[in-house]
Amino acid sequence: MPHVLMGQRSNAHVFYPGAFVFPGGRVDPDDASAPAAAEPSEDAIARLKAKMRGRPSNRRARAIALAGIREAFEEAGLLIGRPAPAPESAPEDWQGFIAHGLLPDPSSLVYFMRAITPPRRPRRFDNRFFAIDASAIALDLPRDQRPSDELGDLVWVPLSDVKSLRLPNITKVAMEELQAHLDTAGGLAADLPVPYYYAVGSRFRRDLL
C-alpha cells in the first residue's frame, strides 16, 4: 500500500490554515549550484524544461529538482541523498544538509505533475510535484531537529485515505494523478508523460509533457 507524507499547516497561516500539504516551496538562487551525489537524467531535465516559462535551461531545471530536496529537508527533516565527503565549499542554504555527511540525490526524484495557479488569484505558483521511493530517504531527523517548523504534525497517509484530510484542491488533483501513475506503471516510473494543468480562460486544461 503506497503512502504519502503530508504535513499540517498551522491555523495561524493566512494561506490554507490547517490544511494538509506536501513539503515544498520556492526555488532559491543557491539551488542551481548545490553539489549533488548524482544528477537528474537527461530525460528528467528535458521534462522539467518542457513549457518552462522564461528562458529554459538545464541549470534552471536542475535547480527545481534540488529545491524539492531542500524543502523536504527544511520542512520535514527528510534528507534525500547519499553518503559523500563534504565538498570544499557549498552554498549557505545547503550547509545544514551537507553537515549530515550526505549530498542530495535528485536522480531519485520522479516528476509526476505540474500545475500553474489560474490568473487573478491572490497567490500564484508554478508547481512541480515529485515523488520518491522511501528507500531514497537517507536520514529522517527528529521533529526538534528540523530546520523549519512551518509544518506541524507530519504523517505518512495511505494514498487511498488522503481524501479524508483537508486538502487544497490542487493537492487532491495531485493525489489522483499519483494514483493513476502508480496504477499505470505498477510503481514509480520516470518515463511516463507528466500531466500539466493550466488555465485557459475560466477553465483548467490538462496537457501531457
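Any read-out appearing in this document is the output of simple, stated calculations on the displayed coordinates, not a laboratory observation. In this text the structure is predicted, and so the values were computed from the model without any measurement. Heads up, the Cβs are rebuilt from the backbone with ideal geometry, glycines too, and the neighbour counts pull from every protein chain shown.
Within the listed set ARG124, ARG166, ARG60, the Gaussian network model of the chain (springs between alpha-carbon atoms below 10 Å) gives the highest mean-square fluctuation for ARG124.
Remark: the GLU92-ASP144 segment gains 16.6 nm on full extension, using 0.36 nm per residue and subtracting the alpha carbon distance. Only Cα sites of the range 119-171 enter the Debye sum here, all with the same form factor; the resulting log10 I(q)/I(0) across q = 0.18, 0.22, 0.32 1/Å is -1.01, -1.27, -1.25, listed in q order.
From the P(r) of the range 6-103, could you give the percentage of C-alpha pairs in the tail past 17 Å? Across the range 6-103, Cα pairs with separations above 17 Å total 57 percent.
Under 16 Å from a label point set 7 Å out along the Cα-to-Cβ vector of ASP191, the amide N atoms of the range 79-119 belong to 110-111. Length available on full extension from LYS49 to HIS3: 0.36 nm per residue minus the Cα-Cα distance, which gives 13.7 nm.
For the range 1-128, averaging the sequence separation of C-alpha pairs within contact (under 8 Å, six or more residues apart) and dividing by the residue count gives a relative contact order of 24 percent.
Less than 5 angstrom separates the built amide H of ALA19 from those of ARG9, all sequence-distant by 5 or more or on a different chain.
For the range 3-208, the share of alpha carbon pairs falling in successive 10 Å distance bins from zero is 8, 34, 39, 18, 1, 0 percent. Dividing the summed -39500 (n - 2.57) terms of all DSSP H runs of n ≥ 4 by the residue count of the chain sets its mean residue ellipticity at 222 nm at -7000 deg cm²/dmol.
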